[in-house]
């Protein structure tokens, strides 16, 4: 009986070591960064019309809208989207009328120096285009055709998910390299993946654009020759981060 107990006691530590060895893992974090040349440009265009009556101001605004949208669309081609928003029509008074806005101000009657001298109609328009190389030229053309303010606001990706996928693949590759280095340093071999956790993306992404889907034919090119401005956007940086647990083999 005593011999059996001693034999059992000798086997227990060895069994425990084998069990711990089978559960050896290493957890690493990989980061992937990819750069993609943007294929969408965004322009903001502000239009303004003035007149003695609301109808006159809106008619002037409408004429500028037509001239700018036709000219810009003719330059950029069919894969562009011209949308409008924030339309306002307000009264305008002479310079001698004290501002009725701000701290401590008082309302003013529309008489004397504060009589209504006319009306101002404004509109904000946005252009999204795949003609990235012509975006800066389009901003200059819009001002030439009557826009009070035209700005090339920036560039984005039409398919950010594809860029995010490449960044995720790069992050997984980076994690494996880190894990292999740790395993080698510990005198072990890297085993299969046990768990994978995708960290929330910390890169600014944009929605996919609908530009180019059933796009109408482009209007005729503008009669005026625009001043050409070269455009070379900075690549969009997309990041991904993953945490992966690998098994370690002896």
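Here are a few things to note about the model shown:
- Shape of the range 54-183, Cα gyration tensor, a/c cut at 1.5: oblate
- Cβ crowding within 10 Å, taken as a proxy for footprinting-reagent exposure, orders 55, 174 from fewest neighbours to most as 55, 174.
FYI, it's all coordinate maths here, none of it is from the lab. Only a predicted model underlies this, so the values are computations on that prediction, with no experimental measurement involved. As a convention, Cβ positions derive from the backbone with ideal geometry for all residues, glycine included, and neighbour counts pool all protein chains shown.
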